[in-house]
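Student: Handing you this structure, nothing more for now.
Since every read-out is calculated from the coordinates, none of them should be taken as a lab result. Source: prediction; values computed, not measured. Here the Cβ positions follow ideal geometry from the backbone for every residue, glycine too, while neighbour counts run over all protein chains shown.
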Amino acid sequence: MEIKNSLRRALERDEFLIHYQPQVDVPSGRIIGLEALIRWNHPMRGLIPPSSFIPIAEDSGLIVPIGERVLQMVCAQSKAWRQAGFPPIRIAVNLSARQFGQKDLTERIKQIVEDNQLDPGDIELEITENMAMKDDKQATLQELRDMGFKISIDDFGTQYSSLAYLKKLPVDKIKIDRSFINGISRDHKDEAIILAMLLIADRLNLSIIAEGVETSEQLSFLQDNQCHEIQGFIFHKPQPAEMIEQLLHKQS
Ligand code: G
Ligand code: G
Ligand code: MN
Ligand code: NA
C-alpha cells in the first residue's frame, strides 16, 4: 500500500525516466533499434530498477498510467532526435498485460504517436506469449499492426504458448529470451532450442533478436547460425538518452 501511494506520487511528480538499450546488427555494426526500459528516479533512494516496482504497478493497476507515460516519453524523445537530424530509429516499448487489456488502448497509443508526428512503424510494441495467446486480444493486436506498429514477442519460449499461434498472430519479430542465451556452450538443449527458434523465424519470415548476450562465445554461436540482431551487455547496457545520442552521432 505504502509503495503504491509513492508510485502514484512518483507519477504526479514525474520521477520516471527511460534508459535505452541498443540493438545491434552485427554484420554492419550499426545500432538499428533501442529498447526503452523504465527507471524510477526516487528522490531519496536514487535510481530504482523496474523489477522493484513494475510488479507492484501491475498489481495495483498503476501500470496503465505509468505505461502511457513511458510511451509519451519515448515518442517525445523520438521526435526530439528526429528534429535534431538523426535518421529515424525504431524504439521498442514493453506493454504489460494490464495495459493490453485496456479497452481504449489502440486509440490512446495512436493519439500519442500522432501528437508527436511519428510514423507508427518506428515504434515496436513488445508483448509476451501469455498476452498474445488470449483469443480476445488478437483483434487488438491486429488493430495495432494495421495502424503500422511493429509487434514483437518478448521472452520468447518461456511462457505458455502454442506454435500454431505464430501462424495466425500478426507478429513481426521474436526475442530469444536471455535464459536460452545463457546456456550457449554450457547446455546443448539451450543451443538446440535456439537453433529451432532461428529456423522457425526464418521459415515464417519473422525477424529475430537474441537478448542478454554477454560473452564472445555466445556471440560466435549466434553469428555462426545466422542470428544477426543482438541486444546485450556485450555491446551496450541500457543508458540515458544523452549517451545514446553520442552513439547515434558516431554512426551517422
Ligand atoms: O530490473 P530489470 O531491468 O532487469 O527489469 C526489467 C524488466 O522490467 C523487464 O521484464 C522489462 O520488460 C520490464 N520493464 C522495463 N520497462 C518497462 C516498461 O516501460 N513497462 C513495462 N510494462 N515493463 C517494463
Ligand atoms: O524482460 P525484458 O526483455 O523486457 O527486459 C530486458 C532486460 O534484460 C532489461 O532489464 C535489460 O537490462 C536486461 N539485459 C539486457 N541485456 C542483458 C545482458 O546482456 N545481461 C543481463 N544480465 N541482462 C541484460
Ligand atoms: Mn522487453
Ligand atoms: Na526478454
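Student: Over 18 Å between C-alpha atoms is what I'm after, so list which of 103/173; 134/167; 110/168 land there.
Tutor: Long pairs (Cα-Cα over 18 Å): 103/173; 110/168.
Student: While we're looking at this one, here's another question. Tell me the label-point distance for the pair residue 30, residue 200, using the 7 Å Cα-to-Cβ offset, in nm and rounded to one decimal.
Tutor: 3.0 nm
Student: I'd like the Karplus ³J(HN,Hα) series for region 159-175: coefficients 6.51, -1.76, 1.60, θ = phi - 60°, whole numbers in Hz, and an x wherever there's a Gly or Pro.
Tutor: 10, 6, 8, 10, 4, 4, 5, 4, 6, 9, 6, x, 10, 9, 7, 10, 10
Student: Put a dot 7 Å past each Cα toward the Cβ at residue 192 and residue 79; how far apart are the dots in nm?
Tutor: 5.2 nm
Student: Non-local amide H neighbours of residue 48 (under 5 Å, H modeled in plane, Pro and chain starts lacking H): which ones?
Tutor: Under 5 Å from the amide H of residue 48: 40, 41, 42.
Student: Helix hunt in the chain: which complete DSSP H runs extend at least 24 Å axially by C-alpha with mean Kyte-Doolittle at least -1.0?
Tutor: 63-83
Student: Follow-up. So for the chain, what are the equivalent ellipsoid semi-axes in whole Å, largest first, each being the square root of 5 times an eigenvalue of the Cα gyration tensor?
Tutor: 28, 22, 20
Student: Oh, and also: Can you tell me, using C-alpha contacts under 8 Å and at least 6 residues apart, the relative contact order of the chain as a whole percent?
Tutor: Worked out over the chain, it gives 19 percent.
Student: Going 7 Å from the Cα of residue 4 toward and past its Cβ, which residues in region 79-122 have a backbone nitrogen under 14 Å from where you end up?
Tutor: None, by backbone N distance to the label point.
Student: When the label point is put 7 Å from the Cα of residue 119 along its Cα-to-beta-carbon vector, which residues of region 69-91 have a backbone N closer than 19 Å?
Tutor: Inside the label zone: 74-91.
Student: Restricting to bridges with both residues inside the chain, how much of the DSSP beta-bridge set is antiparallel, in percent to the nearest 5?
Tutor: 40 percent
Student: To the nearest Å, what is the center-to-center distance of region 105-137 and region 53-101, using C-alpha atoms only?
Tutor: Value for the Cα centre distance between the two parts: 10 Å.
Student: Could I ask something else about it? Would you grab the residues whose amide H sits under 5 Å from the one on residue 35? Only those 5+ places off in sequence or on another chain, please, with H modelled 1.01 Å from N.
Tutor: Hits under the 5 Å cutoff: 21, 23, 92.
Student: Treating cross-link reach as a plain straight distance, find the lysines whose alpha-carbon is under 19 Å from the alpha-carbon of residue 189, omitting any fewer than eight places away in the same chain.
Tutor: Partners within reach: 175.
Student: If you don't mind, another one. Treat every Asp and Glu Cβ in the chain as -1 and every Lys and Arg Cβ as +1, leave all other atoms uncharged, and give the resulting dipole magnitude about the Cα centre to the nearest 20 debye.
Tutor: The dipole magnitude comes to about 300 debye.
Student: Take the Cβ-Cβ distance between residue 245 and residue 103 as r, set R0 to 45 Å, and report the resulting FRET efficiency rounded to the nearest 0.05.
Tutor: Details: r = 37 Å, r/R0 = 0.81.
Efficiency computed from Cβ-Cβ geometry: 0.75.
Student: Tell me, what is the FRET efficiency for residue 138 and residue 51 to the nearest 0.05, using R0 = 30 angstrom and their Cβ-Cβ distance as r? Each step should come with its number before you reach the end.
Tutor: Values: r = 29 Å, r/R0 = 0.96.
After rounding to 0.05, the efficiency reads 0.55.
Student: Placing +1 on the Cβ of each Lys and Arg and -1 on the Cβ of each Asp and Glu in the chain, which of 67, 43, 156 has its Cα farthest towards the positive end of the resulting dipole?
Tutor: In the chain, that residue is 43.
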